[in-house]
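The next block holds one structure in the form of structure tokens; read it before the comments.
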Amino acid sequence: MIKSLEKLRLEALAELEQVSELKELESWRVRCTGKKSKLTQALRSLASLPLDERRKIGSLANEIKVDLELRMDEKKKFLEEEHMASFLKQEGLDITLPGKLMPTGRLHPVTQALDEICSIFTRMGFQIAEGPDVEWDYYNFEALNIPPEHPARDMFATFWVDSKETGESARLLRTHTSPMQIRIMEKEQPPIRVLVPGRTYRYEATDATHESMFYQVEGLAIDTNITMADLKGTLFEFCHCLFGEERKVRFRCDYFPFVEPGVEVAVECLNCHGKGCRLCGYSGWLEILGAGMVHPNVLKRVAIDPEKYTGFAFGMGVERIPMLCYGIDDIRLFYNNDIRFLKQF
Ligand code: FA5
């Protein structure tokens, strides 16, 4: 019995040696280790043997079975690898070739600046709102204390959608984000703290610091006891968060019909450190925003009592921020879509 089991093992291993395909391996398994194989039959016949012999032969038969199954697994692995190698050769696929790098996208520098500005003001308690790019004359001018023929309309060279003779129901591309002050105050009661990012349009020749489409962020705070000191504190804090504590910030009087008093805020030019260059028009300063205390006429227009409530508003040019931070000396670079420029940020 022992001899015939060893013979079975040798025969099975010799046959396994000859197997060259996965399909053949399966029929080898059925033949040599399956239910009807001689080996399984030998294991079944153990019951009729005396106990001593049964132990000896039983353990040998099991050892042979385990051995054959192990060899079969090795052979299977070998055949699978061989099959994969020949498949890859036929397909002509070279898996050692390095893959193609997919270029990773990134946010436009103006979007990055918008995100940063919004994050600073939301930390101060402002909420974000958005409004339409195509606006009524009423919101863009009239309700902001700029009636027709007011000389301040010249400050905002306008792209008209309808004839401007139509009056307050004429449509235009908003020249600033300030019309959102009115839209918000029409709907909300004080206290109000809101921030409005958005596109604005001006019908003017472009140069290093002026585009005909640019982004602004409007800020509006209305409450009891809001003073100029709150406006100054808020804007100083913002400038220091964005540009660093050491950057000089300048407040100067300015005129906007919808605020009284009005100010202009400029930041020391990073490009020339205040010495004067093309970017700052050789002044050493770059104006980033206009601001002021909301004019009582504007509050009255939206039925907010100016005796009870006061507030401040500001509107900043967004492109000027990355220009200052990165020393970019021409605003037009942002919208030329030159990937060599954009991928630096
Ligand atoms: C305004 O647009 C006012 N609405 C700002 C304001 C809001 C004042 C609330 C008071 C209260 P101004 O025209 O100065 O103001 O524009 C504000 C900022 O937008 C400027 O400081 C500048 O940074 C930017 N800006 C103006 N015109 C252009 C332009 N053509 N291209 C790029 N940025 C511009």
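The values are calculated or read from the model by the stated rules, or taken from the named source; none is laboratory data. It should be emphasised that the depicted structure is a prediction, and the values quoted were computed from it without experimental measurement. Neighbour counts are summed over all protein chains in view; Cβ atoms, including those assigned to glycine, are modelled from backbone coordinates with ideal geometry. These accessible areas exclude ligands, DNA and RNA; they are computed on the full protein's heavy atoms, side chains included. Shrake-Rupley method; radii C 1.70, N 1.55, O 1.52, S 1.80 Å.
Before moving on, here are some points about what is shown:
- DSSP-assigned coil residues among trypsin sites (Lys or Arg not before Pro) in region 1-42, each with at most 15 further Cβ atoms within 10 Å: LYS35, LYS36
- Estimated FRET transfer efficiency (GLN112, LYS89; beta-carbon r; R0 51 Å; 0.05): 0.55
- Amide H contacts of HIS176: TYR201, each under 5 Å away and 5 or more positions distant or on a separate chain (H built 1.01 Å from N in the peptide plane; Pro and chain starts excluded).
- Tail beyond 20 Å, pair distance distribution of region 2-91 (Cα, percent): 42 percent
- Most fluctuating residue given options GLU11, GLU186, GLU218, as computed from a GNM of the chain linking Cα atoms under 10 Å: GLU11
- Per residue value of the accessible surface for region 215-278 (all protein chains in place, 1.4 Å probe), Å²: 46 Å²
- Annotation: lysines with alpha-carbon distance below 26 angstrom to LYS56 (same-chain offsets under eight excluded): LYS3, LYS7, LYS35, LYS36, LYS38, LYS65.
- Net lengthening on full extension, ILE128/LEU51 (0.36 nm per residue, minus Cα-Cα): 18.9 nm
- Region 2-91, accessible area per residue, ligands and nucleic acids excluded (1.4 Å, Å²): 74 Å²
- Spin-label model, LYS35 to GLU260: label points 7 Å out along the Cα-to-beta-carbon direction sit 10.2 nm apart.
- Top of ARG106, ARG171, ARG54 by mean-square fluctuation, Gaussian network on the chain, Cα under 10 Å: ARG54
- Of all lysines in the structure, the ones whose alpha carbon falls short of 27 Å from that of LYS343, not counting any fewer than 8 places away in one chain, are LYS100.
- Projected-area average for the chain over all orientations - Cα convex hull basis, square nanometres: 34.6 nm²
- Euclidean distance between Cα centres, region 1-26 to region 100-151, Å: 80 Å
- Working note: 222 nm ellipticity from helices only, DSSP H runs with n ≥ 4, each -39,500 (n - 2.57), summed and divided by the residues of the chain, gives -12500 deg cm²/dmol to the nearest 500.
- Taken about its Cα centre, region 70-162 carries a charge dipole of about 860 debye when Lys and Arg each add +1 at the Cβ and Asp and Glu each add -1 at the Cβ.
- Carbon plus sulfur fraction of accessible area for the chain, probe 1.4 Å, in percent: 53 percent
- Using a Gaussian network model of the chain in which every pair of alpha carbons under 10 angstrom is joined by a spring, one finds that among GLN189, GLN216, GLN41 the greatest mean-square fluctuation is at GLN41.
- Note on region 2-91: with charges restricted to the Cβ of Lys and Arg (+1) and Asp and Glu (-1), its dipole about the Cα centre is near 620 debye.
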